[in-house]
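Everything below concerns the one structure shown next.
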Amino acid sequence: MGGQITQGNIRNFESMFGATLPATLIITVFEALLWSFGIHGSNVVGGIMQPIWLALTADNAAAFAAGKALPHIVNYQFYSNFMKIGGFGGTFGLALLLLFASKSSQYRALGKLAIVPGFFGINEPIIFGMPIVLNPIMIIPFILTPLVLCVVAYFAMASGLVPYTNGTNIPWTTPPVIA
């Protein structure tokens, strides 16, 4: 019957809504919009997308173990390690800028406070301390940065410049250089 859930239907759903560049960009914009209103976008989106991305990660791990070509660029590793450098919005660079280049003592203090958590992907001090939340000027780069990170990482992998992620699932708080 057409309404039955099969392994093939699930894989088609995963491919359509989790493994493509356009789907990832749409999901990223949605997550950024949630963050911009003070809602933890990563938790909301992750509740829906994490099972899909983890299944794609498992596919890559199985292919890697079998010595086959890795099937997916977009998976949980791609999302957490390439798109969220310093937390959603790629705010680690902003923390560095605040720490080393800010003329304001308040922003330098925020940079000092945010640099260590940002190294581990935790950027709430920046998001709520700048603030980025409900700030129309800061929202623009906050939305555009993860989109740029996504597109650059995707095409770097698609072109062979960077290898696909092999399915080794590491904690999201692993610093980018180690991850």
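Here is how the numbers come out for the structure above:
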item	result
Scope region 55-70; condition surrounded by fewer than 22 Cβ atoms within 10 Å (Cβ to Cβ) and among the hydrophobic types (A, V, I, L, M, F, W, C); matching residues	Ala55, Ala58, Ala61, Ala62, Ala63, Phe64, Ala65, Ala66, Ala69, Leu70
Subset of region 25-69 [among the charged types (D, E, K, R) and within 28 Å of Leu144 (Cβ to Cβ)]	Glu31
Test: residue in region 98-110 that is at pLDDT 90 or above, touching a helix residue (DSSP H, G or I) at 6+ places or on another chain (Cβ under 6 Å), outside the structural domain of Pro163 (by TED's automatic domain parsing) and under 20 Å from Trp35 (Cα atoms)	yes
Matching residues, region 144-179, being in contact with a Ser or Thr (Cβ under 7 Å, 6 or more places away or on another chain), crowded, with 17+ Cβ neighbours inside 10 Å and assigned to a helix (DSSP H, G or I)	Pro146, Cys150
Exclusive hit being surrounded by 14 or more Cβ atoms within 10 Å (Cβ to Cβ) and under 19 Å from Ala158 (Cβ atoms), set Ile52, Ile73	Ile73
Segments classed as helices (runs of 4 or more DSSP H), wholly inside region 70-129, with at least 2 members that are free of Cβ contacts under 8 Å to residues at least 12 places away in the same chain	92-101, 105-119
Some residue of region 80-94 being of a type in the set (Lys, Arg) and within 22 Å of Trp53 (Cβ to Cβ)	yes
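The values are calculated or read from the model by the stated rules, or taken from the named source; none is laboratory data. Model, not experiment: these values are computed from the prediction. With ideal geometry, Cβ positions are generated from the backbone for all residues, glycine too; neighbour counts draw on all protein chains shown.
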